[in-house]
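> This is the structure, below, for whatever I ask next.
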Amino acid sequence: MERVLSGIQPTGEVHLGNYIGALRHWASDQDSYDCFFAIVDLHAITLPQDPEELRSATLDLAAILLAAGIDPERSTVFVQSHVAEHAELAWILQCFTSYGELQRMIQFKDKASKRHGEIVSAGLFTYPVLQAADILIYRADRVPVGEDQRQHLELTRDIAGRFNQRYGETFVLPQAAIPRMGAKILDLQMPDAKMSKSADSPLGTLKVTDPPEEIRRKVKVAVTDSGREVVASPDKPAITNLLTIYAVATGSSVPDVEASLAGKGYAELKAGLAEALVEFLRPLQDRRRELLADPGELARILRAGAEKAREVARKTLSDVYERVGFLPRSK
Ligand code: TRP
């Protein structure tokens, strides 16, 4: 079976775009691949984090992944900082990455430019190398990510190729598995932008943990387009987005949703969508609540995941140490 690895940061809250665009694919990937899913807390501290918030966000994210259908019996779910080998391999790989390559990373330039006089950490700069280590240490074949991560995957392949060239086949060159078009979920207030964690518009972001009243309120105040016909079209980005979400939430298609709303207006669209979303998210919310009610069990699951991950990671790291010429560690 081919191996999949992906990672998600425990920062901000998981929103509908993350769930539909990433987590649901992770869950279905379990049927076809040997999956590793990391909660990347080491990446999170490349920007300032409050310690207590980071800890609780990490646990909550673990609960959300499991509630979204990721099965710890079939997949390896773990917290990145629990597997020290990621940081160790990242150091080695930094020595095979050029300063110029990192300077060209769009995400770095973007995040650095938003620091407005605050420090831009070296960790933010070398972030993509840690990501490369996450992937290469498991010799993953496929990496499900969003379009914004394509450049980091290219860098990962370049680093792996360079290392292999010098020391012989050590790493697998991973493929980025980027969902083709599919359902792109946009901000409910600014339908020209992706729904995002760093929301400048909290009302535009539907969190998967939003209670029903909150979901109804956000849908109700979502911006719409001029005109009154409920149809998906390029000149109706807001309505198209609502129809897309409606289709995903009801497991149908945009044309079917359009047909079901023929002759109706925006108000009916929103009312139907709000209820569909409440029902769509209910199982996930119930399951998350149950999981968080038993933190001992969650901790046990994460411990078992880290152990499984470490077994693979240790083997790769020891191959790498041997190849670069480190003296074997004595037992
Ligand atoms: N950089 C990724 C993001 O922002 C998160 C991430 C970290 C990741 N390590 C990874 C994704 C390894 C895929 C594989 O979305």
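The values are calculated or read from the model by the stated rules, or taken from the named source; none is laboratory data. None of the values given here were measured: they were computed from a predicted structure. Quick reminder, even Gly has a Cβ in these numbers, built from the backbone with ideal geometry, and neighbours come from all protein chains shown. What goes into the accessible areas is simple: the full protein's heavy atoms, side chains included, and nothing from ligands, DNA or RNA. Shrake-Rupley method; radii C 1.70, N 1.55, O 1.52, S 1.80 Å.
> Is at least one residue of region 7-16 under 27 Å from residue 326 (Cβ atoms), outside any helix (DSSP H, G or I), open to solvent by 10 Å² or more (accessible area, probe 1.4 Å) and within 14 Å of the ligand (Cβ to nearest atom)?
Yes: region 7-16 contains one or more residues that are under 27 Å from residue 326 (Cβ atoms), outside any helix (DSSP H, G or I), open to solvent by 10 Å² or more (accessible area, probe 1.4 Å) and within 14 Å of the ligand (Cβ to nearest atom).
> Being in a loop (DSSP other than H, G, I, E, B) and either among the polar types (S, T, N, Q) or in contact with a helix residue (DSSP H, G or I) (Cβ under 9 Å, 6 or more places away or on another chain) (or both) is the requirement here; does residue 170 meet it?
Values: in a loop (DSSP other than H, G, I, E, B): yes; either among the polar types (S, T, N, Q) or in contact with a helix residue (DSSP H, G or I) (Cβ under 9 Å, 6 or more places away or on another chain) (or both): yes.
Considered against the rule, which asks whether it is in a loop (DSSP other than H, G, I, E, B) and either among the polar types (S, T, N, Q) or in contact with a helix residue (DSSP H, G or I) (Cβ under 9 Å, 6 or more places away or on another chain) (or both), residue 170 comes out as yes.
> I'd like the full set of residues that are open to solvent by less than 10 Å² (accessible area, probe 1.4 Å) and away from the ligand (no atom under 13 Å from the Cβ), limited to region 171-184.
Residues of region 171-184 open to solvent by less than 10 Å² (accessible area, probe 1.4 Å): 171, 174.
Scanning region 171-184 gives a single hit, 171.
> How many of the residues making up region 17-54 are among the β-branched types (Val, Ile, Thr), in a loop (DSSP other than H, G, I, E, B) and open to solvent by less than 60 Å² (accessible area, probe 1.4 Å)?
Taking region 17-54 first, the residues among the β-branched types (Val, Ile, Thr) are 20, 39-40, 45-46.
So of that shortlist, the ones also in a loop (DSSP other than H, G, I, E, B) come out as 40, 45-46.
With open to solvent by less than 60 Å² (accessible area, probe 1.4 Å) added as a condition, the list becomes 40, 46.
The number of residues fulfilling the criteria is 2.
> Among the numbered criteria (1) closer than 23 Å to residue 62 by Cβ; (2) free of Cβ contacts under 8 Å to residues at least 60 places away in the same chain, which single criterion is violated by residue 108?
Going through (1) closer than 23 Å to residue 62 by Cβ; (2) free of Cβ contacts under 8 Å to residues at least 60 places away in the same chain one by one, residue 108 breaks only (1).
> Between a first residue in region 60-82 that is farther than 15 Å from residue 20 by Cα and small (Gly, Ala, Ser) and a second residue that is part of a strand (DSSP E or B) and within 13 Å of the ligand (Cβ to nearest atom), which pairs have beta carbons less than 8 Å apart while being 6 or more apart in sequence or on different chains?
62/39; 62/79; 75/35; 75/36; 75/37
> Being among the β-branched types (Val, Ile, Thr), touching a Leu at 6+ places or on another chain (Cβ under 9 Å) and either under 17 Å from residue 17 (Cα atoms) or assigned by TED's automatic domain parsing to the domain that holds residue 318 (or both) is true for just one of 221, 172. Which residue is that? First the steps, then the outcome.
Details: 221 fails: either under 17 Å from residue 17 (Cα atoms) or assigned by TED's automatic domain parsing to the domain that holds residue 318 (or both).
Of 221, 172, the one residue that is among the β-branched types (Val, Ile, Thr), touching a Leu at 6+ places or on another chain (Cβ under 9 Å) and either under 17 Å from residue 17 (Cα atoms) or assigned by TED's automatic domain parsing to the domain that holds residue 318 (or both) is 172.
> Please list, ordered by first then second residue, the pairs with beta carbon atoms under 8 Å, 6 or more apart or interchain, first in region 1-28 and touching a residue at least 24 places away in the same chain (Cβ under 8 Å) and over 20 Å from residue 132 (Cα atoms), second more than 11 Å from the ligand (Cβ to nearest atom) and of a type in the set (Phe, Trp, Tyr).
1/33
> Condition check: under 21 Å from residue 41 (Cα atoms), surrounded by fewer than 18 Cβ atoms within 10 Å (Cβ to Cβ), under 22 Å from the mean Cα position of the chain (by Cα) and within 12 Å of the ligand (Cβ to nearest atom). Does residue 123 satisfy that?
The answer is no for residue 123.
> Name the single residue that is nearest to residue 29 (Cα to Cα) among those in region 143-166 being more than 10 Å from the ligand (Cβ to nearest atom) and in contact with an Asp or Glu (Cβ under 8 Å, 6 or more places away or on another chain). It would help to see each step written out before you state the result.
Step one: filter region 143-166 for residues more than 10 Å from the ligand (Cβ to nearest atom), giving 147, 150-151, 154-155, 157-166.
The next check asks that each one be in contact with an Asp or Glu (Cβ under 8 Å, 6 or more places away or on another chain); those that pass are 155, 158.
Values: 155: 24, 158: 25 Å.
Looking at the filtered set, the residue picked out is 155.
> Can you tell me which residue among 268, 311 is among the charged types (D, E, K, R) and within 24 Å of residue 249 (Cα to Cα)? Please lay out each step first, then the result.
Working: 311 fails: within 24 Å of residue 249 (Cα to Cα).
Checking each option against the conditions leaves just 268.
> Cβ-Cβ under 6 Å, sequence separation 6+ or interchain: first residue in region 145-163 and farther than 21 Å from residue 316 by Cα and without any contact (Cβ under 8 Å) to a residue 60 or more places away in the chain, partner open to solvent by 60 Å² or more (accessible area, probe 1.4 Å) and more than 10 Å from the ligand (Cβ to nearest atom). Which pairs?
These pairs meet every condition: 151/106.
> Here's a follow-up. Starting from residues that are open to solvent by 30 Å² or more (accessible area, probe 1.4 Å) and acidic (Asp, Glu), keep the ones in region 82-120 and report whichever is nearest to the ligand (Cβ to nearest atom). Spell out how you get there, then give the answer.
First, pick out the residues of region 82-120 that are open to solvent by 30 Å² or more (accessible area, probe 1.4 Å): 82, 84, 87-88, 91, 94-96, 98-99, 103-104, 106-111, 113-120.
Filter once more, keeping what is acidic (Asp, Glu): 88, 110, 118.
Working: 88: 15, 110: 11, 118: 20 Å.
That would be 110.
> Scan region 72-81 for residues that are away from the ligand (no atom under 13 Å from the Cβ), more than 17 Å from residue 14 (Cβ to Cβ) and open to solvent by less than 50 Å² (accessible area, probe 1.4 Å) and report the count. Steps first, answer last, please.
Of region 72-81, the ones away from the ligand (no atom under 13 Å from the Cβ) are 72-77.
Those still in the list that are more than 17 Å from residue 14 (Cβ to Cβ) too: 72-76.
The next check asks that each one be open to solvent by less than 50 Å² (accessible area, probe 1.4 Å); those that pass are 72, 75-76.
Here the count works out to 3.
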